[in-house]
Amino acid sequence: MNLNDIYTAAADLIAAKIDLPADEIRAALVRPPQPEMGDLGFPCFTLAKKLRAAPPKIAADLAAQISVAEPFIKITAVGGYVNFTLSLAALGEVAVAAALADDWGEFADNGKTVVIDFSSPNIAKPLAVHHIRSTMLGAALARLYAITGWRVVTINHLGDWGTNFGQLMVAYTRAKNSGETPATDLDAQLKLYLEYHQAAETNPALEGEARAWFKKLEDGDAETVKMWKIFVDESVKGLQKLYDRLNVKFDHYTGESFFNDKMAATQRRLQDAGLLVKSDGALVVELQDVGIDAPCLIQKTDGATTYATRDLAAAEYRHHEYNFDKCLYVVANQQELHFRQIFAVLKKMGYAWADGGEHVKFGMLSFAAGVFGEERATGSTRKGQIIFLDAVLARAVEKAREIIGANGRGDEGNAAILAEQVGVGAVIFSEFMQRRQKDVIFSWDKALNMQGDSGPYLQYTHARLSSLITKSGVVVGGGDAQLLTSALSRAVLLMLAEFPRVLLGATAENEPSRVAEYLLELCAVFNRLYADKKEHQIITDDAALTASRIDLVAAVRNTLRRGLAVLGIAAPEKM
RNA sequence: GCGCCCGUAGCUCAGCCGGAUAGAGCACGAGAUUUCUAAUCUCGGUGUCAGAGGUUCGAAUCCUCUCGGGCGCGCCA
């Protein structure tokens, strides 16, 4: 039994008494604002006209007619609502038992596949703070879909093709010509990139050189391709180090270059479908008939392909290869038009599966006043307004270490590991502090926050509960939820029962921040209970009571651990 | 000009497929530790829910318009 079954049970009870479909009643059920009112409520207002009676009267009549039985122990009318109160036995089953078993009975394999394209940075530059958005959002979505029964394929669509490689080669050969043997790792690539831009400012001829290098690459010149490959491999190696710290994994690193040999066929199919139209010497697909004014550019006047062509080829490839039901693109708001165009063109090509394409867009990141000068800054790399992600992690880890030192609780051997978990956890959590569509203003205070609503707050609660369980010496699973009679325990039980619904909702909306929000609330409710030592001392002389309370603690702990895992945040046992 | 996103407490944000008195964190002030981790907990809020209309028994939530902010609208990806 889970919470959904309970909703259904309540709806069925009402459906038996009035002429309304049970699923309609079920959808109307709400949570009463006050716990004393009950756990579930059915509003009777819509029935007023039909039954020609006042809602409170309807509610009272209904409540009187329905006989109370498990899973409910009380059904009462409050104003225009019929409210249901759950039995502790039922709550114990849907909340504690499910969490202890780590199985809410709702996440069976659904036989569907979702492809998630996220992070997708350009090579030759380390990840900057703004990359945290797509990266953590995508990684959390991958875990959410996996938990809720999907087969998940994660893809890093690296920006590994373009004139920026030419720029790299210009700087590389210049360094070589002056007698150096330049390194090629990711940090070295950044240095080369910066050197190029510095040199290009006074020497515009370098731009032509860069283009020439890229042309050589496109033409397949063996030496150039070899160098390109080295830069790509080194970039991926460098990126991977950071991904590992963030608990991010990709099934495939099929970047832009991967589709070079696949675009001609795509363009041919567009041609065969009669979709290509000449416009100012370029080839486009007109989309006005489907409500998009801007045409989709397929081929430039110089005959070169565009990123739209590449994304079309990639979509075809992904569908062919993975037969997805959904294909998510975790990419910033700016690309909204682009993806609408891509999906529309795919549709015109006759692909019904194009409906599975979804742009999971998110707001822009800018910098709070004070990060770069007095004004708010957009983060122009050219103006030197860039903060690398590993620099943020480094500061967070350092701050965590200071706090661990000050608390004097960290056990010596693990202090470094703990600082890493907490520091990184704080940074990751800051990404989930708002709905993804909101623009984010980066500030060091927010990114490094370890108090109040924060990753470390959740980790701290988890650690406290873990050591409580250990300290109790009780074997988890031997309690009886019916002994958890206080209002606070009940609030915790209800929160626990919500967990699977939260995961499902977060997945349906592609909104991992829902999980973060839920975990904060779960901890807030539990910590209130925990702090009330007079009434809720966990470890007591009463063995049965202690066992029951430890079960509750373990249920919260397991739920927290699971939720943190979804977000990619470590759950330390001690801190 | 057209399109998308955002506008809720001093700040950062939840609540938005309509429901019972609009909620958190931060900041600020006061308090809690002889007993399970104080990265914690408790108490302290007179908010034009940007504004105006509309739909509804009921609107922060849905519709229309206006204002403000961000982003985008073919040869960069």
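Taking the conditions (1) modelled with pLDDT of 95 or more; (2) away from RNA strand B (no atom under 11 Å from the Cβ) in turn, A:Arg514 satisfies each one other than (2).
When you check A:Gln189 against the structure, is it touching a His at 6+ places or on another chain (Cβ under 9 Å), assigned to a helix (DSSP H, G or I) and buried (at least 20 other Cβ atoms within 10 Å of the Cβ), yes or no? So A:Gln189 does not fit the description; no. Among all positions in region A:221-244, there is at least one residue which is farther than 29 Å from A:Ala394 by Cα and touching a helix residue (DSSP H, G or I) at 6+ places or on another chain (Cβ under 6 Å).
For region A:259-271, residues that are within 16 Å of A:His320 (Cβ to Cβ) and within 12 Å of RNA strand B (Cβ to nearest atom) total 2. One residue alone among A:Arg310, A:Arg318 is within 15 Å of RNA strand B (Cβ to nearest atom) and either touching a residue at least 40 places away in the same chain (Cβ under 8 Å) or within 14 Å of A:Lys348 (Cβ to Cβ) (or both), and that residue is A:Arg310. Is it true that A:Asp541 is part of a helix (DSSP H, G or I) and acidic (Asp, Glu)? Taking the combined requirement at face value, the residue does not satisfy it.
Do we have A:Leu494 as within 14 Å of RNA strand B (Cβ to nearest atom), assigned to a helix (DSSP H, G or I) and out of contact with any Pro (no Cβ under 9 Å at 6 or more places or on another chain) here? So A:Leu494 does not fit the description; no.
Within region A:9-31, being crowded, with 17+ Cβ neighbours inside 10 Å and either near RNA strand B (Cβ under 10 Å from one of its atoms) or of a type outside the set (A, V, I, L, M, F, W, C) (or both) holds for A:Arg26, A:Leu29. Residue pairs whose Cβ atoms lie under 7 Å apart, sitting 6 or more positions apart in sequence or on different chains, and linking a residue in region A:235-246 that is in contact (Cβ under 8 Å) with a residue 40 or more places away in the chain to a partner that is of a type in the set (Ser, Thr, Tyr) and outside any helix (DSSP H, G or I), are A:Val236/A:Tyr253.
Yes/no per residue for (1) within 11 Å of RNA strand B (Cβ to nearest atom); (2) in contact with a Ser or Thr (Cβ under 6 Å, 6 or more places away or on another chain); (3) under 29 Å from A:Val129 (Cα atoms):
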site	(1), (2), (3)
A:Ala210	no, yes, yes
A:Trp213	no, no, no
A:Lys237	no, no, yes
A:Ser279	yes, no, no
A:Ile292	yes, no, no
A:Ile298	yes, yes, no
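The single condition from (1) within 21 Å of the chain's Cα centre (by Cα); (2) buried (at least 22 other Cβ atoms within 10 Å of the Cβ) that A:Gly479 fails is (1).
Checking region A:229-248 against the condition returns no match, with no residue being over 36 Å from the mean Cα position of the chain (by Cα) and either surrounded by fewer than 19 Cβ atoms within 10 Å (Cβ to Cβ) or of a type in the set (A, V, I, L, M, F, W, C) (or both). Does at least one position in region A:534-548 carry a residue that is exposed (fewer than 14 other Cβ atoms within 10 Å of the Cβ), free of Cβ contacts under 8 Å to residues at least 60 places away in the same chain and basic (Lys, Arg)? Checked region A:534-548: at least one residue is exposed (fewer than 14 other Cβ atoms within 10 Å of the Cβ), free of Cβ contacts under 8 Å to residues at least 60 places away in the same chain and basic (Lys, Arg).
Going by what's in this entry, would A:Thr485 be described as more than 10 Å from RNA strand B (Cβ to nearest atom), outside any helix (DSSP H, G or I), out of contact with any Asp or Glu (no Cβ under 9 Å at 6 or more places or on another chain) and among the hydroxyl-bearing types (Ser, Thr, Tyr)? So A:Thr485 passes the test.
How many residues are more than 9 Å from RNA strand B (Cβ to nearest atom) and in a helix (DSSP H, G or I) if we restrict to region A:497-511? Qualifying residue count for the region: 10.
Among the residues of region A:142-162, those that are away from RNA strand B (no atom under 16 Å from the Cβ) and of a type in the set (A, V, I, L, M) comprise A:Ala142, A:Ala146, A:Ile147, A:Val152, A:Val153. Out of all the residues in region A:266-286, is one or more in contact (Cβ under 8 Å) with a residue 40 or more places away in the chain, outside the structural domain of A:Arg211 (by TED's automatic domain parsing) and part of a loop (DSSP other than H, G, I, E, B)? The answer is yes; a qualifying residue exists. State whether one or more residues within region A:168-186 are within 16 Å of RNA strand B (Cβ to nearest atom), more than 30 Å from A:Asn110 (Cα to Cα) and surrounded by 14 or more Cβ atoms within 10 Å (Cβ to Cβ). Among the residues of region A:168-186, at least one is within 16 Å of RNA strand B (Cβ to nearest atom), more than 30 Å from A:Asn110 (Cα to Cα) and surrounded by 14 or more Cβ atoms within 10 Å (Cβ to Cβ), which makes the answer yes. If the condition is being on the phi > 0 side of the Ramachandran plot and surrounded by 15 or more Cβ atoms within 10 Å (Cβ to Cβ), then region A:350-379 contributes only A:Gly379. In contact with a helix residue (DSSP H, G or I) (Cβ under 7 Å, 6 or more places away or on another chain) and either part of a helix (DSSP H, G or I) or within 13 Å of RNA strand B (Cβ to nearest atom) (or both): which single residue out of A:Ala95, A:Ala64 fits that description? The conditions single out A:Ala95. If the condition is being of a type in the set (A, V, I, L, M, F, W, C) and within 30 Å of A:Leu552 (Cα to Cα), then region A:39-77 contributes A:Leu40, A:Phe42, A:Val68, A:Ala69, A:Phe72, A:Ile73, A:Ile75. Among the residues of region A:267-288, is there at least one that is within 31 Å of the chain's Cα centre (by Cα), at pLDDT 95 or above and buried (at least 20 other Cβ atoms within 10 Å of the Cβ)? Checked region A:267-288: no residue is within 31 Å of the chain's Cα centre (by Cα), at pLDDT 95 or above and buried (at least 20 other Cβ atoms within 10 Å of the Cβ).
When A:Leu47, A:Leu127, A:Leu100, A:Leu88 are checked against the criterion of being within 15 Å of RNA strand B (Cβ to nearest atom) and aliphatic (A, V, I, L, M), a single residue qualifies: A:Leu47. For region A:335-385, taking the residues that are farther than 21 Å from A:Val290 by Cβ and part of a helix (DSSP H, G or I), the one that is nearest to the chain's Cα centre (by Cα) is identified as A:Thr381. Answer with yes or no whether A:Arg151 is touching a strand residue (DSSP E or B) at 6+ places or on another chain (Cβ under 8 Å) and farther than 14 Å from A:Val232 by Cα. When the stated conditions are applied, A:Arg151 passes them. Per the listing A:Ala77, A:Ala48, the residue uniquely touching a strand residue (DSSP E or B) at 6+ places or on another chain (Cβ under 8 Å) and outside any loop (DSSP other than H, G, I, E, B) is A:Ala77.
The values are calculated or read from the model by the stated rules, or taken from the named source; none is laboratory data. Fair warning: this is a prediction, and the values are worked out from it, not measured in the lab. FYI the Cβ positions are ideal-geometry reconstructions off the backbone, even for glycines, and counts take in every protein chain you see.
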